Structure formats: C-alpha cells, structure tokens
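Heads up: the structure comes next, in structure tokens.
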Amino acid sequence: MASVVMLNTRVIYPADAQSQTLQFSNNDNIPYVMQMWTDINDPASTPETANAPFVTIPAMYRIEPHSGQSVRLVFTGKGLPQDRESIFYLNSAQIPPKNSAQSNQNQMSVILRNRVKILYRPKGIIGSPDKVPQQIHFSLKEETGHWVLVANNESGYYASIISASVMVNNKSVDFPVHMLAPKSTARWTLNKTEQSLSGARKVKFSLVNDYGGQTRTEADLVQ
C-alpha cells in the first residue's frame, strides 16, 4: 500500500560492515517527506524514543515522484553477542504533502509507517544461513488436553518461520508459529482439535530467507 518502498524486505547487517546502503523508490506522482529511525523491539516507537544502536543518514529527506533515494544505515553500538544474530527494527514514515489547492478547507494527512527487521550478523556464527532448516528440530507433546509443537533452533541465526504443520494420516494440522530466536526453544500450542496427533511423524514448515523468499521443507519429529 505504500508509495515509497524499500527494495528489500529485511536488512542483513554484517558486523564488519562500515555501513549498509538501503534503496528506496517513490512510485507515486507526488513527493513525500520520509523520516527514519530504529528501535529494539517496540512497535509503538517514535523518532523521540528510538533506542536501537543504528542511525540512518539522512534521518529525514524529501523523495521526488518516480525517483529513488539511497540511505546509509550505520551501526553505533558495541558489545553484542558474536556467536549469534541480534535483531532490531527499521522504521520509515511516509509523510504526504499538503494540498495547496484546497488550503482553505479542512484536510487530513495520513502518515504511513513501514517496519522491517535489521539482522545484525557477526562473522563468528558457525554454519551458514541457508543451513538453518537442518538445524531446527521438532517434537510433539500432549499436555493437559493440548498438543504442543516444540521447536529447537540450534543455529546462531533467527528463523522467521511463517507456517508449520504436522502430518497425520495424510492430513495437515497447522500450528500457530512465530519467529524463532537463535539457540532457543519455542513451544507452539494447538488449543483445540478433535483429531489425535499421536501418529504424527513429520512436520512441514516454511521460513523466510535473506531475500524475502520462502524456503519450504520438512523434518522428522523427534520421538
């Protein structure tokens, strides 16, 4: 829905990089003012409450119709873990111009904000990001009438899992899922189902890769 868009769906920031260049394009017939800031994990953040160790240069700019703009993202922090990724968020607010032809009338301006992940990636992480699916192990448990899918991410990378389902008698049963942090375990609960999942042996799941595409794979459930 945005007129001004970033070419990528996420930012991969190598720890040894001086900066990362982000490309924005305005696909509309009018100019916009763009304001940018970063946060640690606050969807309600503002430029005044920005708290992530990154700055954007420029932090505010005007982008003309059907044109592009380059923005530098610079890491300003220190002391982050070197054996795993750290995650932050980049915010960009699209501010439309006022309609001077209707300056004598009441106007409402709608500011559209986009928010994407910044993945700070140290060189010391063992393995490569394309091998993450092989380093996620699943088990299925029944607890107090609910089925729980346990996911263990042994890699040093964030796994942006967008779907996961277990296969029972050639039928797929979906679980609610979310992003899985590196070297962590998550528990996803299926609240109600009339079907027993005790015969499940495999799980199918999809992840978002570095380029915004989906990687679909399956794994055996750990018994």
Pairs on different chains or at least eight residues apart, Cα atoms closer than 27 Å: how many lysine pairs in the chain fit? 24
Where the centroid of each part is defined by its Cα atoms, how far is segment 117-177 from segment 1-64 in Å? 29 Å
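Taking the Cα centre of the chain as the origin, how large is its charge dipole in debye, to the nearest 20, when only Lys and Arg (+1) and Asp and Glu (-1) carry charge on their Cβ atoms?
100 debye
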Global geometry of segment 20-150, whether rounded, prolate or oblate, following the gyration tensor of its Cα atoms and the 1.5 cut on a/c: prolate
What's the carbon and sulfur percent of segment 113-161's accessible surface, probe 1.4 angstrom, rounded to a whole number? 48 percent
Calculate, for segment 139-223, the solvent-accessible area per residue in square angstrom, rolling a 1.4 angstrom probe over the heavy atoms of the protein chains. 56 Å²
Accessible carbon and sulfur surface of segment 5-105 relative to its total accessible area, %, 1.4 Å: 51 percent
Ranking request for peptides 39-46, 152-159: highest mean number of other beta-carbon atoms within 10 Å first, then the rest in descending order. 152-159, 39-46
Would you kindly state the longest site-free stretch of the chain, with sites defined as trypsin sites (Lys or Arg not before Pro) in a DSSP loop (not H, G, I, E, B) surrounded by at most 11 other Cβ atoms within 10 Å? 1-77
Counting only protein heavy atoms and leaving out ligands, DNA and RNA, the solvent-accessible surface of D174 at a 1.4 Å probe, in Å² to the nearest 10, equals 100 Å²
Yeah, segment 80-182 with a ≥ b ≥ c from its alpha-carbon gyration tensor (a/c under 1.5 is rounded, else prolate when a/b outruns b/c, oblate otherwise) is oblate
Between L80 and N152, what is the spin-label point distance in nm, taking each point 7 Å from the Cα along the Cα→C-beta axis? 2.7 nm
Provide the per residue accessible area, probe 1.4 Å, for segment 1-132, rounded to a whole number of square angstrom. 58 Å²
Per the Kirkwood treatment, what hydrodynamic radius in Å, one decimal, follows for the chain from the mean inverse distance over all distinct Cα pairs? 20.0 Å
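The values are calculated or read from the model by the stated rules, or taken from the named source; none is laboratory data. Just so you know, these numbers come straight off a predicted model, no measurement behind them. Counting neighbours? That spans all protein chains shown, and the Cβs are built from the backbone with ideal geometry, glycine included. Remember, those area values only see protein heavy atoms, side chains included, never the ligands or the DNA or RNA. Shrake-Rupley method; radii C 1.70, N 1.55, O 1.52, S 1.80 Å.
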